[in-house]
Amino acid sequence: MNMNDFSPIYWSAPYQKEVLAKVIGINKHEVKVDKALFYPSGGGQLSDLGLIVYQQQDIKVIGIEKREDGNWLQIDSVGDSGLEEGMEVLLQLDWDRRYSFMKSHSSQHLISHVLKRLFDIETLKANFDDEKIDIEVSRNLSEAEISEVLQESNQLINEGAEVISLIVDKDEYKNKYRDVARGKVSNENTVRLIQLGEGEGYDLTCCGGVHVKNLSEIKGIFLDTFKGNSLKFFIDKHGIDSVNRQRILMINLEEITAKKGEKLVEMLKNKLNEGKILQEGNLSLLKMVFSEIAYRSQEINGNKIVFFNLPEIDRQALQSAARELEKGFLIVVLGRNDILYFISTNGELSAKKINDIIIEKTGSKGGGNKGFAQVNVKNIENPLSLVKEVLTMFN
Ligand SMILES: [Zn+2]
């Protein structure tokens, strides 16, 4: 018995783009036909889309619903189409979409094979889109490992290898293939396997998806991202375009920094570190200044007030340093980006109250609470003298 006789067109002839078929079922928004040209989705691969062509009409197939009684082609509305059971129609594949899925799916088998062979890593999950592949694997990979996987996979694409579809019954599968196949074991009565390479081949796995004839059609696999055990790749044109786009971004970065490659990474690390050290330095200085507020304070209406003009200091630094402030003071700081801060350690004098008066007088934006408040004073000519004026209202 030749099992291929029972296989759907998308298995036996994946490059066939159209076929005449008979309508054998019809509902409001769906049609069933007697030929399996469209792949119905499964195993990480999305369904095919395409057209039902009937009397010069192109009826769009917008999805495929898999049900007990077979696969139904989803269309906008049967009502307007004039379709009826028994009619002969032409099925046409959205070939660009199909072919990109074929290439993605075969690429995934190849990457999973290389992962297994080089590092004994299993593929747990895989999804394909238009020349894109997402793979979840059994452990995290290092940069060196991922780069080895890419090198080896692209080498195999370069060499080319046939992608062979085998359809066997349960017994043949058990006797011949089950123990040598990579990945999950099948319990189906009819088992479909995909083999990479001629003769014995080098990778065999149960798969119901649609594949290219030869790995050379993939042209290349390119890394998109990898994080933990999740790997993402682009292939073919998508991959080449993406790599070139990234390269242009890098050239911009290289021009700005006048550094390349590893040196660029090193430089950015150092710069970020310097920034952190500067911030920490600012904070220590601020704490030092705050520890001497008693000597710097002036009295306005009996309240002890200290003014600072610190254009480098931001809210975060102020709030950290404010924790160690002496009780009984109001500290007024003109900080970074023209933000005026009020910090009160005097229970009688609310930072929010003073801040609210400034907001009311000037229409500027701000807010806060009893101990800490801030207002934007960008549009105020002499904010510190305004504050002094407001403070004379308090006693
Ligand atoms: Zn597969």
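Does residue 104 satisfy the condition of being without any contact (Cβ under 8 Å) to a residue 40 or more places away in the chain, within 16 Å of the ligand (Cβ to nearest atom) and surrounded by 18 or more Cβ atoms within 10 Å (Cβ to Cβ)? Spelling it out, it is not the case that residue 104 is without any contact (Cβ under 8 Å) to a residue 40 or more places away in the chain, within 16 Å of the ligand (Cβ to nearest atom) and surrounded by 18 or more Cβ atoms within 10 Å (Cβ to Cβ). Is it the case, given these coordinates, that residue 235 is at pLDDT 95 or above, within 25 Å of the chain's Cα centre (by Cα) and either among the aliphatic types (A, V, I, L, M) or surrounded by fewer than 13 Cβ atoms within 10 Å (Cβ to Cβ) (or both)? Against the criterion (at pLDDT 95 or above, within 25 Å of the chain's Cα centre (by Cα) and either among the aliphatic types (A, V, I, L, M) or surrounded by fewer than 13 Cβ atoms within 10 Å (Cβ to Cβ) (or both)), residue 235 qualifies. Residues in region 106-131 that are assigned to a strand (DSSP E or B) and over 11 Å from residue 231 (Cα atoms): 124, 128, 129.
Those strands (runs of 3 or more DSSP E) of region 18-103 in which 1 or more residues are outside the structural domain of residue 196 (by TED's automatic domain parsing) and small (Gly, Ala, Ser) occupy 18-26, 50-54, 57-67, 70-75. For region 327-351, the set of residues classified as of a type outside the set (A, V, I, L, M) and either exposed (fewer than 14 other Cβ atoms within 10 Å of the Cβ) or under 43 Å from the mean Cα position of the chain (by Cα) (or both) consists of 327, 335, 336, 337, 338, 341, 342, 347, 348, listed by residue number. So, in region 329-357, exactly how many residues are under 15 Å from residue 291 (Cα atoms), touching a Gly at 6+ places or on another chain (Cβ under 9 Å) and assigned to a loop (DSSP other than H, G, I, E, B)? Qualifying residue count for the region: 1.
Restricting 45, 55 to residues that are touching a His at 6+ places or on another chain (Cβ under 6 Å) and either over 15 Å from residue 128 (Cβ atoms) or modelled with pLDDT under 90 (or both) narrows the list to 45.
The values are calculated or read from the model by the stated rules, or taken from the named source; none is laboratory data. Everything numeric here is computed off the predicted structure, so don't read it as measured data. A quick note on method: Cβ atoms are made from the backbone with ideal geometry, for glycine too, and the neighbour counts reach across all protein chains shown.
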